[in-house]
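Okay, so here's the structure we're looking at.
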Amino acid sequence: MSRQHDEQTIALAGMFQAASLVDQVAHRGMVPQNSYEACIASLFVTSPQLTEDVYGGVSEVPYTLSLGLRHLQDMVDKNESAQNKQIIQYVLGMIMLQRQLDKHPDVLAKIGEGIDAIAAKARYFNEQDESSSAVLEPVAYTHRNVIAALDNLYQETISHFSFRIQVGGDPRHLQNTENAARIRALLLAGIRAALLWRQVGGKRWHMLFFRSRLKPSLRRIIRA
């Protein structure tokens with residue numbers, strides 16, 4: 001079971017990282033680039049061999065998901081700051097939206113097709129950059145045109161569900177078009193992490209009532 005718990009912990013950390021970044025964009029208008037790139041790039045890892053591959057591979061997870069792992073540790077340690085409570089609410093909202101997607105396979109298929117099309121767009125912008133290599137790095141997925149396309153995909157699909165995540169923050173940042181696009185792209189990444197969590201056996205009540213069983217997995221992953 002320890003392997004399954006590790007996989008669930010990684011997926012949860014993905015949700016917590018996306019939620020934390022949403023909160024940071026909403027309140028400060030900026031995010032740590034490495035954490036941001038890892039979340040957005042995860043949307044384009046559609047056939048991972050391991051759960052860790054979604055976030056860069058086994059050796060990279062402690063770094064690419066460091067922000068999410070830290071907030072997940074806060075939840076396990078019952079650090080109930082206002083920020084952590086808000087982040088947990090975003091995570092629960094992502095789980096709720098993923099469950100809505102389960103009931104609408106047509107919408108899920110549309111998102112999959114949209115992700116494939118946006119991946120081609122990212123490759124195009126990567127090729128236009130003379131300094132870039134043939135291998136697509138995570139930074140390519142955070143090009144403003146790629147983020148705008150993810151924003152549009154979110155609005156064409158998930159935004160039509162009756163349940164919506166209400167993001168609170170500084171109106172100056174929330175009303176900025178690029179920030180709004182980054183928030184929706186991050187919410188999409190969080191929902192992708194929620195799907196991953198379900199695929200490795202995660203359930204909503206696990207997060208609420210079995211926090212202690214995350215501790216050994218957190219230690220293993222952080223110290224890897």
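Structural remarks
- Charged neighbours of ARG204, selected by a Cβ distance under 10 Å, balance to +3 (K, R count +1; D, E count -1).
- Gaussian network model of the chain, springs between alpha carbon atoms under 10 Å - residue of VAL45, VAL22, VAL146 with greatest fluctuation: VAL45
- Placing +1 on each Lys and Arg Cβ and -1 on each Asp and Glu Cβ, with no other charges, gives the chain a dipole about its Cα centre of roughly 1020 debye.
- Amide H contacts of LEU43 (H built 1.01 Å from N, under 5 Å, at least 5 apart or other chain): none
- Here LYS203 and TYR124 are evaluated by their C-beta separation; at R0 = 41 Å the FRET efficiency comes out at 0.55.
- Relative contact order for the chain, counting Cα pairs under 8 Å that sit 6 or more residues apart, in percent: 40 percent
- Candidates LEU187, LEU196, LEU108, ranked by Gaussian network fluctuation over the chain, Cα under 10 Å, top entry: LEU108
- Descending by average beta-carbon neighbour count within 10 Å, the peptides 150-158, 212-220 line up as 150-158, 212-220, the highest first.
- Label sites at GLU80 and THR177, each approximated as a point 7 angstrom past Cα along Cα to Cβ, lie 4.3 nm apart.
- Considering only ASN176, ILE111, ILE221, and ranking their Cα positions along the charge dipole of the chain that arises from unit charges at the beta-carbon of Lys, Arg, Asp and Glu, the one farthest toward the positive end is ILE221.
- Working ranking of peptides 109-121, 24-36 by packing, defined as the average number of other Cβ atoms within 10 Å per residue, highest first, is 24-36, 109-121.
No lab work stands behind these numbers, since they all come straight from the coordinates. Treat the numbers as computed from the prediction; the structure is a model and nothing was measured. Heads up, the Cβs are rebuilt from the backbone with ideal geometry, glycines too, and the neighbour counts pull from every protein chain shown.
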